[in-house]
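Notes for the one structure printed next.
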Amino acid sequence: MALGSKLQKMENCGNSRHMVKKILLGLLVLLLAIQFIRQSKNLAPTPSPADIQIRHPIPPETRRILETACYDCHSNNTRYPWYAEVQPVGWWLADHIKEGKSHINFSEFDRLTPKRAVRKLEQCADEVTEGGMPLTSYRFVHTDARLTEAQRKTLADWFDAVRTTITFAETN
Ligand code: HEC
């Protein structure tokens with residue numbers, strides 16, 4: 001091989017290494033920059049008077065299951081993990097919470113019409129029984145939200161019981 005083309009090759013190699021360094025540095029700068037873009041937190045300062053638990057009595061164990069497995073995404077108060085401070089993870093969590101609350105918000109449950117409340121409770125019991133909720137990614141990190149068969153049944157039975165009281169009040 002001629003010396004010229006050998007030198008050319010070395011130079012190309014140096015160029016692409018230079019390029020990779022530039023890209024990595026660019027990504028690092030981007031990652032640092034996005035840390036300053038924050039979502040507002042889902043932390044209501046006072047308890048909500050419309051929370052589902054106020055008008056519908058809940059046994060302590062059921063309450064514990066409901067609050068540990070569902071309230072982070074379906075209430076006005078999220079218990080934030082430390083990594084919520086790291087973007088883009090924080091954005092991702094905020095998105096789940098916004099989306100979750102738009103489907104059902106237990107802190108505002110009493111504001112639903114009886115018809116909607118009944119429908120939502122049916123969905124809740126279904127999700128819990130079929131294992132659709134809590135979300136898989138959530139169960140992955142929150143070991144206490146991996147519900148046992150018995151806990152699923154306890155929670156689903158409570159949703160059904162609440163639904164029955166609403167249906168009963170409606171038709172009487
Ligand atoms: C990590 C956040 C998160 C947790 C925890 C969570 N959910 Fe959800 N939930 C969501 C999101 C996001 C949606 C909307 C998208 C979807 O259906 O996957 C949703 C949707 C729902 C729906 C509507 C489903 C439908 O048919 O439209 C119900 C009902 C529900 N969740 C109940 C629950 C119950 C009950 C629990 C606790 C056992 C729970 N969720 C825990 C995030 C969560």
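The values are calculated or read from the model by the stated rules, or taken from the named source; none is laboratory data. If you're wondering where the values come from, they're calculated on a predicted model, not measured in any experiment. In this analysis, Cβ positions are derived from the backbone assuming ideal geometry, glycine residues included, and neighbour counts consider all displayed protein chains.
Residues of the stretch 36-52 that are within 11 Å of PHE109 (Cβ to Cβ) and surrounded by 18 or more Cβ atoms within 10 Å (Cβ to Cβ): SER48, ASP51, ILE52. Taken together, the residues in the stretch 103-114 that are part of a helix (DSSP H, G or I) and near the ligand (Cβ under 8 Å from one of its atoms) amount to 1. Within the stretch 75-102, no residue that is in a loop (DSSP other than H, G, I, E, B) sits with its Cβ atom under 7 Å from a residue that is of a type in the set (Asp, Glu) and more than 10 Å from the ligand (Cβ to nearest atom) at 6+ positions apart or across chains. Residues in the stretch 48-61 that are outside any loop (DSSP other than H, G, I, E, B) and under 20 Å from the mean Cα position of the chain (by Cα): ILE52 alone.
Taking the condition in a helix (DSSP H, G or I), among the small types (Gly, Ala, Ser) and over 15 Å from the mean Cα position of the chain (by Cα), does ALA117 pass? In short, yes.
Being buried (at least 16 other Cβ atoms within 10 Å of the Cβ) and away from the ligand (no atom under 13 Å from the Cβ) is the filter; apply it to the stretch 62-96 and report the residue that is modelled with the highest pLDDT. Ranking the qualifying residues of the stretch 62-96, first place goes to ASN76. The residue that is nearest to GLU127 (Cα to Cα), among those in the stretch 145-165 that are of a type in the set (A, V, I, L, M, F, W, C) and crowded, with 17+ Cβ neighbours inside 10 Å, is ALA156. Residue count for the stretch 82-111, restricted to those that are more than 14 Å from the chain's Cα centre (by Cα) and among the small types (Gly, Ala, Ser): 1. Within the stretch 120-137, if we keep just the residues that are under 23 Å from PRO47 (Cβ atoms) and in a helix (DSSP H, G or I), the residue that is nearest to the ligand (Cβ to nearest atom) turns out to be CYS124.
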